[in-house]
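Chemist: Structure in structure tokens, see below.
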């Protein structure tokens, strides 16, 4: 069987920690032929030769994962193929969720109509923006405001006194600010400029949340596969005075068993999200509060496996095999 991974360029993968590569390696170990393309390689046209049909196709690279080699892959062949000819298509393009990502989901959804099996499902990717998807479960999230109104945001900061503000389309901790009122109650000296910058003077919607002190113990990534949580989370612990725990921002990743609160959140959301076509989800939890639902390209496979021995990639490929039948 053949699996196609729609991802970033293979040349920029980090072989030491890339979760997509871990998936590819496990798929190859099980006898799958591993293929890769980028979203820019997807295309559809009508009016061609009748034998070709009007299918969503991609210029794909058939690759072999090489152990301990540089580069980490060898290219077997490079051909144009219809997506429905693969046993499964794994959408692993990293954010940002920009217009090109949006268009790619529509092409992938058309490929589904033509018979392709796509994970995560394209419509589910569009329906679950990673910052805003948490609003469906207010019982699990910190006090939150989503707005572009500067007066509302200032009032929220005054009420909460210690807040985080972030763009709705950021990743890896980019664009996140912590704003704290002074002991006398006066606002953070950077409050106005931070709000004006992130909202572009009220033209862009952002999220503000009550600061969660438990971030000092880590921003936990809980992976949910096929509706069931992986038994270990990766706590991404801020370093060097940072507020952000993201690995991309220098956080230290420490694997740990799920807490009762982690399991409660995962057990509530997991079956619902799986039923919507989200085979793989990454829940971000600080303390006992859900802060984000990652659906585009959840990571931390390698770190959890290396530190605990629990093979996350094997669990994921198990789920893919079960889904494609």
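The values are calculated or read from the model by the stated rules, or taken from the named source; none is laboratory data. Because the structure is predicted, anything quoted here is derived from the model rather than measured. Using ideal geometry, Cβ is built from the backbone for each residue, glycine included, and neighbour counts are taken over all protein chains shown.
Chemist: Looking only at the range 155-170, how many residues end up being out of contact with any helix residue (DSSP H, G or I) (no Cβ under 7 Å at 6 or more places or on another chain) and either in a strand (DSSP E or B) or surrounded by 14 or more Cβ atoms within 10 Å (Cβ to Cβ) (or both)?
Modeler: 9
Chemist: Same structure, new question: In this structure, does residue 140 turn out to be buried (at least 17 other Cβ atoms within 10 Å of the Cβ) and within 28 Å of residue 263 (Cβ to Cβ)?
Modeler: Yes, satisfied.
Chemist: For the range 296-314, which residues satisfy the criterion of being buried (at least 20 other Cβ atoms within 10 Å of the Cβ) and in contact with a strand residue (DSSP E or B) (Cβ under 6 Å, 6 or more places away or on another chain)?
Modeler: Listed by number, the residues that qualify are 298, 300, 303, 304.
Chemist: If you don't mind, another one. So, residue 61, is that one in contact with a strand residue (DSSP E or B) (Cβ under 6 Å, 6 or more places away or on another chain), closer than 30 Å to residue 290 by Cα and either surrounded by 14 or more Cβ atoms within 10 Å (Cβ to Cβ) or in contact (Cβ under 8 Å) with a residue 12 or more places away in the chain (or both) or not?
Modeler: Working: in contact with a strand residue (DSSP E or B) (Cβ under 6 Å, 6 or more places away or on another chain): yes; closer than 30 Å to residue 290 by Cα: no; either surrounded by 14 or more Cβ atoms within 10 Å (Cβ to Cβ) or in contact (Cβ under 8 Å) with a residue 12 or more places away in the chain (or both): yes.
So residue 61 fails the test.
Chemist: Checking residue 130 against (1) over 22 Å from residue 272 (Cα atoms); (2) part of a loop (DSSP other than H, G, I, E, B); (3) under 18 Å from the mean Cα position of the chain (by Cα): exactly one of these is not met. Which one?
Modeler: (1)
Chemist: For the range 1-23, name all the residues that are over 17 Å from the mean Cα position of the chain (by Cα) and in contact (Cβ under 8 Å) with a residue 40 or more places away in the chain.
Modeler: Listed by number, the residues that qualify are 1, 2, 3, 4, 10, 11, 15, 16.
Chemist: Now for a separate question. Residues to consider are 218, 173, 226; find the one that is crowded, with 16+ Cβ neighbours inside 10 Å and out of contact with any helix residue (DSSP H, G or I) (no Cβ under 8 Å at 6 or more places or on another chain).
Modeler: 218
Chemist: Given the conditions (1) touching a helix residue (DSSP H, G or I) at 6+ places or on another chain (Cβ under 9 Å); (2) closer than 20 Å to residue 160 by Cα, and given that residue 213 satisfies all but one, which numbered condition is not satisfied?
Modeler: Single failed check for residue 213: (1).
Chemist: For the range 188-203, does any single residue satisfy the condition of being free of Cβ contacts under 8 Å to residues at least 40 places away in the same chain, surrounded by fewer than 19 Cβ atoms within 10 Å (Cβ to Cβ), assigned to a strand (DSSP E or B) and in the same structural domain as residue 147 (by TED's automatic domain parsing)?
Modeler: no
Chemist: I need the strands (runs of 3 or more DSSP E) fully contained in the range 232-325, keeping only those with at least 3 residues that are farther than 26 Å from residue 143 by Cβ and modelled with pLDDT of 95 or more.
Modeler: 252-257
Chemist: Oh, and also: Given the criterion modelled with pLDDT under 95, assigned to a strand (DSSP E or B) and either touching a strand residue (DSSP E or B) at 6+ places or on another chain (Cβ under 6 Å) or exposed (fewer than 15 other Cβ atoms within 10 Å of the Cβ) (or both), identify the matching residue among 89, 76. I'd like the intermediate steps shown before the answer.
Modeler: Values: 89 fails: modelled with pLDDT under 95.
Only one candidate passes the filter, namely 76.
Chemist: If we keep just the residues of the range 92-117 that are over 25 Å from residue 30 (Cα atoms) and exposed (fewer than 14 other Cβ atoms within 10 Å of the Cβ), which is farthest from the chain's Cα centre (by Cα)?
Modeler: 113
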